[in-house]
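This report refers to the structure that appears directly beneath it.
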Amino acid sequence: MQAFRKFIPMFDRVLVERLAAETVTKGGIMIPEKSQGKVLQATVVAVGPGSTNKDGKVTPVCVNVGDKVLLPEYGGTKVVLEDKDYFLFRDGDILGKYVN
């Protein structure tokens, strides 16, 4: 988890790490890699300061580091930091946040 401390997203961008895909069903059956669905859940690992509005004031990002979020099926920019895959999304592209 040291890699994202060296990387700060710009403006309203959010750096996330997707959760691992399920490889075994609840019944214990192994799922082949090609049959696994795209994981739409992720953990926020870094956030930018926010976007600037027309008045020049910064509008903060809606999520915080450590939040579990729901991502769109497509989109995001893949970023590799120290051999780990992360994804950059704009704050407005994140569909929702999970609450405990």
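FYI, it's all coordinate maths here, none of it is from the lab. Please read all numbers here as calculations on a predicted model, not as lab measurements. For neighbour counting, all protein chains shown are included, and Cβ atoms are generated from backbone atoms with ideal geometry for every residue, glycine included.
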Students often check this: by mean Cβ neighbours within 10 Å, which of 12-20, 59-67, 71-79, 85-93 ranks highest, and how do the rest follow?
12-20, 85-93, 59-67, 71-79
If each of D93 and K26 carries a label point 7 Å out from its Cα toward its Cβ, how far apart are those two points in nm?
3.3
Amide H contacts under 5 Å for A46, placed H, 5+ residues apart:
L15
Using 7 Å Cα-to-Cβ label points, what is the D83/N64 separation (nm, one decimal)?
3.3
